[in-house]
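The values are calculated or read from the model by the stated rules, or taken from the named source; none is laboratory data. On a predicted model such as this, the values are computed, not experimentally measured, just so you know. Cβ placement follows ideal geometry from the backbone for every residue including glycine, while neighbour counts extend to all protein chains displayed. What goes into the accessible areas is simple: the full protein's heavy atoms, side chains included, and nothing from ligands, DNA or RNA. Shrake-Rupley method; radii C 1.70, N 1.55, O 1.52, S 1.80 Å.
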Amino acid sequence: MQYNTEHILSLFEYQVSLNPDKTAVRSSGNGMTYAEINERSNRWARYLLANNLGGKPIGVSLSRSATVIEVILG
């Protein structure tokens, strides 16, 4: 698979392919693997697309947590 190294999502997916079970982020003592973040961010992306929000800027208000990463990637 070819990855575009200029796009953050491509870089992240590359890391997922290399290290799916490795801890990618740790917050409040809890860790999430690359595969878990990828799954959750894809869920966010599908939600946004289903609600016609794909490609549009949206605002989110979240406390500091690992969820921020999955939402940004979504």
Report task. Name the single residue, out of those in region 63-72 being in contact with a helix residue (DSSP H, G or I) (Cβ under 9 Å, 6 or more places away or on another chain) and open to solvent by 30 Å² or more (accessible area, probe 1.4 Å), that is nearest to residue 7 (Cα to Cα). Result -> 72
Query - In region 30-62, the residues that are farther than 17 Å from residue 8 by Cα, free of Cβ contacts under 8 Å to residues at least 24 places away in the same chain, open to solvent by 90 Å² or more (accessible area, probe 1.4 Å) and in a helix (DSSP H, G or I) - result: 46, 49
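Restricting to region 15-29, what's the tally of residues that are in a strand (DSSP E or B) and hydroxyl-bearing (Ser, Thr, Tyr)?
The first filter runs over region 15-29 and keeps only residues in a strand (DSSP E or B), leaving 23-27.
Add one more test, that the residue is hydroxyl-bearing (Ser, Thr, Tyr), and what stays is 23, 27.
Here the count works out to 2.
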